[in-house]
Amino acid sequence: MARIRASCPQCGDVELTVADVHVRICSTTSEGEYAFQCPSCTDTVTKQAESRTIDLLVASGVAVSTWAMPVERLIGGERSPITHDDVIDFHMMLSDDMVLAEALGALIDER
């Protein structure tokens, strides 16, 4: 079985098996990272990795999962967190049939 060398911020260099490491690839940006639980301190370690490193890990048999960037991150611009007042305003808008009909009509018109 292949042995993989990685480094833990607490313990330094550690040796892992293929089963100890997991690769995650963002399908939106193609960026990748790998994660493992340090055999010495049991901390979970996650590291960004270049595509060459990801390719080597996958070729060695490391499990891979993909994920997609949330749309909110792709839209851009700084958004402030939703406040309690925002939730109340949204509730009031949903309670008003005319406002709801206008919003739904705008969605249909966009198609």
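The values are calculated or read from the model by the stated rules, or taken from the named source; none is laboratory data. Computed from a prediction, not measured in an experiment: that's the story for all the values here. With ideal geometry, Cβ positions are generated from the backbone for all residues, glycine too; neighbour counts draw on all protein chains shown.
Hey, could you check the range 1-36 for residues that are touching a Gly at 6+ places or on another chain (Cβ under 8 Å) and not small (Gly, Ala, Ser) and say which is nearest to ARG73 (Cα to Cα)?
CYS26
Yes or no: the range 80-102 includes at least one residue that is out of contact with any helix residue (DSSP H, G or I) (no Cβ under 7 Å at 6 or more places or on another chain), within 15 Å of ILE4 (Cβ to Cβ) and at pLDDT 85 or above.
The answer is no; no qualifying residue exists.
Looking at THR28, THR66, THR17, which one is out of contact with any Asp or Glu (no Cβ under 8 Å at 6 or more places or on another chain), closer than 30 Å to ALA103 by Cα and outside the structural domain of ALA103 (by TED's automatic domain parsing)?
On the way: THR66 fails: closer than 30 Å to ALA103 by Cα; THR17 fails: closer than 30 Å to ALA103 by Cα.
That would be THR28, the only listed residue that is out of contact with any Asp or Glu (no Cβ under 8 Å at 6 or more places or on another chain), closer than 30 Å to ALA103 by Cα and outside the structural domain of ALA103 (by TED's automatic domain parsing).
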